[in-house]
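Trainee: After the structure tokens below, expect a handful of questions from me.
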Amino acid sequence: MPAIAWFVALADPSLSRAVAALRATLHRAGTFAQTADIEAADAVIVWTDRPLPDRLAGQLLSGRTVTVLAGPTLELADPHGRLAEAAGLVVGGPTGVHDIRVRAGRDAPALAPRLLDHTHSGQAHLGAHTHVRDRVLRVDKTRDDVAGLLVASLGLTPHPVATWRPLSGRGGVLAWMLGTQADAVAGRGTARLLALALREVLGLGEPRPVRVGLLGYGAIGHEHNRAVHAVPGLELAAVCDTSPGRLTAAAAHAPGIASYTDADRLLADESVDLLVVSTPPSTHALWSSRALAAGKHVVVEKPFAIRTEEADAILAEAGDRGLLAAVYQNRRFDPDHRAIRRAADAGLLGEVFHVEAFVGGYAHPCNLWHSDADVSGGAFYDWGAHVLDQILDLLPGRIEHVTAAEHKRVWLDVTNADHSRVTVRFANGAEATFVYSDVAAALKPRWYMLGTRGAIVGHWRIEKVISRTDIGTLAEDVLAPADSPPVLDLHAPDGSVTRLATPAAPAYAFHAELADRLQLGLDMSVTGEQSRRVLAVMEAAAASARDGGRPVVPR
């Protein structure tokens, strides 16, 4: 494992914190070791805005190690031009900070697939790229032996932002001119690109693709199928379902994959690295445990399991085996949740102390296993697994207790409750309530949030898909409210109201993070421990509802 030493000296405290977090991320990834001995390091990352000590500069330019000149180093730490000369560059001044689109350079075409920016999928005409808000150091000239790894456009001309020049011996200089702004360093794209560039210059090569098996190919199966095909680093290897028709549908989108009707054969398939468990919730724990025992990483549909002890056993087994266990919390990336999280992180609400969330309407619930409490866990476990995950992402503090209530009054042909309410009280006094109802003739707002400096109200949108019938008359397909992101209004104490932007949900964001986690060791924003916490709240809610609303402390 290559060892990396760091030299960081930055006047900007926010940039310094961001670099420290990036350093910790790359260390946790397990691909690179850390060392304080520059002489013994395989690579030294220099991130500084002041001239380097002469002794250190001499060590870095000896050619015995890979030197990474990151962020403002070439711009501010090289008054005599020695670092730029070693990098084979003649540099000018920096541009202003702007939204740059980083693309693969001419000498690193293999990086192009990893530059797909799933948060800006509507800009495919620009080619594979990653957005970074940073500035570009103008490069006036490069030596012939300099490889262009990454470029960004100035005007319409490609301009290098990452270059590599090998030196005599085993060393060389990676000029990493990104990372002058804290936000740019903190973004997932920077960690991914730097990890890939380090692998390239240290001779580690492109990571092996993660081969995915799908256990169950119901309504969500095709979504996973498309995502695996769209995300670099993932490959679909096999699908298992008891329905031949579903296997045919899977193969139509992914010809050549292995198809099984027996889950034991899928578990025994040594070509599968990761199993996506899309079976009913009451079987999640069983199949997750069996996948881990077979040496496979596991992603399970929400909810994690029915009982917290099941989730604890899965997480413990994954930890013991060095494998990943995660839950497909896809609605963590919903446009409304991302917009609310961004507003809260920016301090627009102050301290959030009251949250109400609602999903529902007046309609018969589905007739599938979702409406069978013995299989699904009950109403708390279906939409609750999504919305409570969003709430706990916004309010990560310690939970004091949970109270809940359920009503069974109308839909007697299914076993889930018709109307459910769960309230979470936090140790700091904040409260959050989620209501799911199939007997709500009047809708509550999707979101109602109060903070010490403002409030957010999320209004439902009722959207229609308009078409014509075969005889030319109007046909309207009215979407359920939950099928459209709500409109968010930010209310300020002075009475002003601002409509928050809700950009489109990033395409396949969970799967992109999954590939980064398994190939590069980078952190995911959704963790198994977080989903276990959601399960503990749902379990406590079910216990409280059974006991007349008694406060229950989550396990």
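Here's the yes/no breakdown for (1) in contact with a Gly (Cβ under 9 Å, 6 or more places away or on another chain); (2) of a type in the set (Phe, Trp, Tyr); (3) at positive phi:
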position	(1), (2), (3)
416	yes, no, no
419	yes, no, no
429	no, no, yes
432	no, no, no
435	yes, no, no
440	yes, no, no
443	yes, no, no
447	yes, yes, no
450	no, no, no
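Trainee: Determine which single condition residue 299 fails, assuming it passes every other condition in (1) part of a helix (DSSP H, G or I); (2) within 20 Å of residue 268 (Cα to Cα); (3) of a type in the set (A, V, I, L, M).
Mentor: Condition (1) is where residue 299 drops out.
Trainee: Within the group 193, 215, 247, which residue is under 25 Å from residue 20 (Cα atoms) and crowded, with 18+ Cβ neighbours inside 10 Å?
Mentor: Just a single option satisfies the conditions, and that option is 193.
Trainee: Please go through the stretch 398-428 and pick out each residue that is of a type in the set (Gly, Ala, Ser) and closer than 19 Å to residue 534 by Cα.
Mentor: Residues satisfying the conditions are 404, 405, 420, 427.
Trainee: Name the single residue that is surrounded by the fewest Cβ atoms within 10 Å (Cβ to Cβ) among those in the stretch 403-424 being outside any loop (DSSP other than H, G, I, E, B) and either out of contact with any Ser or Thr (no Cβ under 9 Å at 6 or more places or on another chain) or not aliphatic (A, V, I, L, M) (or both).
Mentor: By that ranking, first place goes to 407.
Trainee: Look at residue 433 and say whether it is in the same structural domain as residue 493 (by TED's automatic domain parsing), within 19 Å of residue 355 (Cα to Cα), out of contact with any Leu (no Cβ under 9 Å at 6 or more places or on another chain) and in contact (Cβ under 8 Å) with a residue 24 or more places away in the chain.
Mentor: yes
Trainee: A further question follows. Looking at 230, 237, can you tell me which residue is within 23 Å of residue 290 (Cβ to Cβ) and aliphatic (A, V, I, L, M)?
Mentor: That would be 237, the only listed residue that is within 23 Å of residue 290 (Cβ to Cβ) and aliphatic (A, V, I, L, M).
Trainee: For the stretch 7-48, what are the residues that are among the hydroxyl-bearing types (Ser, Thr, Tyr) and under 25 Å from the mean Cα position of the chain (by Cα)?
Mentor: If the condition is that a residue be among the hydroxyl-bearing types (Ser, Thr, Tyr) and under 25 Å from the mean Cα position of the chain (by Cα), then 14, 16, 25, 31 are the ones that fit.
Trainee: If you don't mind, there's one more thing I want to ask. Within the stretch 359-388, work out how many residues are surrounded by 15 or more Cβ atoms within 10 Å (Cβ to Cβ) and either of a type in the set (Val, Ile, Thr) or not in a helix (DSSP H, G or I) (or both).
Mentor: Qualifying residue count, the stretch 359-388: 10.
The rows are residues; the columns are (1) of a type in the set (D, E, K, R); (2) in contact with a strand residue (DSSP E or B) (Cβ under 8 Å, 6 or more places away or on another chain); (3) in contact (Cβ under 8 Å) with a residue 40 or more places away in the chain.
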| residue | (1), (2), (3) |
| --- | --- |
| 188 | yes, no, yes |
| 205 | no, no, no |
| 235 | yes, yes, no |
| 250 | no, yes, no |
| 254 | no, yes, no |
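Trainee: Looking at (1) surrounded by 14 or more Cβ atoms within 10 Å (Cβ to Cβ); (2) at pLDDT below 90; (3) among the aliphatic types (A, V, I, L, M), find the lone condition where residue 91 falls short.
Mentor: (2)
Trainee: Now a separate question. Can you go through 518, 488 and tell me which one is in a strand (DSSP E or B) and either in contact with a Gly (Cβ under 8 Å, 6 or more places away or on another chain) or surrounded by 16 or more Cβ atoms within 10 Å (Cβ to Cβ) (or both)?
Mentor: Result of the check over 518, 488: 488.
Trainee: Then there is this: Has the stretch 490-506 got any residue that is under 30 Å from residue 208 (Cα atoms), of a type outside the set (Lys, Arg) and out of contact with any His (no Cβ under 6 Å at 6 or more places or on another chain)?
Mentor: There is at least one residue in the stretch 490-506 that is under 30 Å from residue 208 (Cα atoms), of a type outside the set (Lys, Arg) and out of contact with any His (no Cβ under 6 Å at 6 or more places or on another chain).
Trainee: Six or more apart or on different chains, Cβ atoms under 9 Å: show the pairs whose first residue is in the stretch 341-357 and closer than 18 Å to residue 525 by Cβ and whose second is part of a strand (DSSP E or B) and at pLDDT 95 or above.
Mentor: Listed pairs, sorted by first residue: 343/456; 343/488; 343/490; 344/352; 344/449; 344/451; 344/456.
Trainee: Now a separate question. Would it be correct to say that residue 266 is outside the structural domain of residue 375 (by TED's automatic domain parsing), surrounded by 22 or more Cβ atoms within 10 Å (Cβ to Cβ), more than 19 Å from the chain's Cα centre (by Cα) and not charged (D, E, K, R)?
Mentor: Answer is yes for this residue.
Trainee: Confirm whether residue 336 is in contact (Cβ under 8 Å) with a residue 40 or more places away in the chain, buried (at least 20 other Cβ atoms within 10 Å of the Cβ), touching a Gly at 6+ places or on another chain (Cβ under 8 Å) and in the same structural domain as residue 437 (by TED's automatic domain parsing).
Mentor: Answer is yes for this residue.
Trainee: Okay, next question. Checking the condition of a type in the set (D, E, K, R), in contact (Cβ under 8 Å) with a residue 40 or more places away in the chain and in contact with a helix residue (DSSP H, G or I) (Cβ under 9 Å, 6 or more places away or on another chain), which residue from 49, 42 passes?
Mentor: Testing whether each residue is of a type in the set (D, E, K, R), in contact (Cβ under 8 Å) with a residue 40 or more places away in the chain and in contact with a helix residue (DSSP H, G or I) (Cβ under 9 Å, 6 or more places away or on another chain) leaves just 49.
Trainee: Any residue in the stretch 137-149 that's under 18 Å from residue 172 (Cα atoms): show its pairings with residues that are of a type in the set (Asp, Glu) at Cβ separation under 8 Å, as long as the two are six or more apart or on different chains.
Mentor: Pairs that qualify, where the first residue is under 18 Å from residue 172 (Cα atoms) and the partner is of a type in the set (Asp, Glu), are 147/107; 148/107; 149/107; 149/200.
Trainee: Give me the residue from the stretch 94-127 that is of a type in the set (Gly, Ala, Ser) and within 23 Å of residue 71 (Cα to Cα) and, out of that set, modelled with the highest pLDDT.
Mentor: 96
Trainee: Pull up the stretch 4-28, narrow it to residues that are surrounded by 15 or more Cβ atoms within 10 Å (Cβ to Cβ) and among the hydroxyl-bearing types (Ser, Thr, Tyr), then point me to the one that is modelled with the lowest pLDDT.
Mentor: Residue satisfying both the conditions and the ranking: 25.
Trainee: Follow-up. Looking at the stretch 253-284 only, could you name the residues that are closer than 22 Å to residue 320 by Cβ and touching a Lys or Arg at 6+ places or on another chain (Cβ under 8 Å)?
Mentor: 267, 272, 273, 274, 275
The values are calculated or read from the model by the stated rules, or taken from the named source; none is laboratory data. This is a predicted model, so every value here is computed, not measured. Using ideal geometry, Cβ is built from the backbone for each residue, glycine included, and neighbour counts are taken over all protein chains shown.
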